[in-house]
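Notes follow once the structure below has been shown.
Bear in mind these aren't lab numbers, they're just calculated from the coordinates by the rules spelled out. The structure displayed is predicted, hence computed values, not measured ones. Heads up, the Cβs are rebuilt from the backbone with ideal geometry, glycines too, and the neighbour counts pull from every protein chain shown.
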Amino acid sequence: MAVPRVEKPCRVGDLAQMTGKTVRTLHFYEELGLLEPKARTKGGFRLYDEEDVQRVTSIDRLHELGFSLGEIQDIVKTCRLSPNGIDATPKLREVFKRALQETRQKLSRLKEVEKELSTALHFIEECGRCELKPVYDQCCDCARGDHHAHLPPLVNAFVPKQRCPVGPGSEVNYV
């Protein structure tokens, strides 16, 4: 996670631009206690530094992982109220271990989806090369290519549920 360099304190609009957040979101983070400006100008403008860019980026990452803003508040509160890093580690370890486990489960599900999509795409590409152009409801008996009359679940879920008048091995009427 690359954090943009901040050479000098920046205003909230600059922080918003660097992090991809809106000014309103950053003000909301401040209201929730997730973000505190390092200082204010004489005119009252909030000033932020590189640490704040890192914090907003980390809040965004945790939010992407499924943490609610309330859960992120708890993490921030734990760190702020702990007199030292050692006191904060049990809570952080518990939270991050859970997040890692959930992330691994999501990755596993995504790998399954990737396999299903690949299978469906291969099937669809085979259909696209069919020179016979059968009547739509006769496609379910296709034995050409790798089809063998098995529609992948992702394809089958969207194919109209019509009767197939032709059984496997029967003669198919192509148009």
Which order do the peptides 93-101, 27-35 take when ranked by the mean count of other beta-carbon atoms within 10 Å per residue, highest first?
27-35, 93-101
Can you tell me which lysines have their Cα less than 28 Å from the Cα of Lys97? Leave out same-chain residues fewer than eight positions away.
Lys21, Lys77, Lys106, Lys111, Lys115
Shape verdict for the range 67-110, please, from the Cα gyration tensor: rounded (a/c under 1.5), prolate (a/b greater than b/c) or oblate.
oblate
At a Cα cut-off below 16 Å, give the lysines reachable from Lys38, other chains included and same-chain residues fewer than 8 away excluded.
Lys8
What is the distance in Å between the Cα centroid of the range 23-74 and that of the range 98-126?
34 Å
Once you order the gyration tensor axes a ≥ b ≥ c over the Cα atoms, which shape class does the range 1-123 get: rounded for a/c under 1.5, otherwise prolate or oblate by comparing a/b with b/c?
oblate
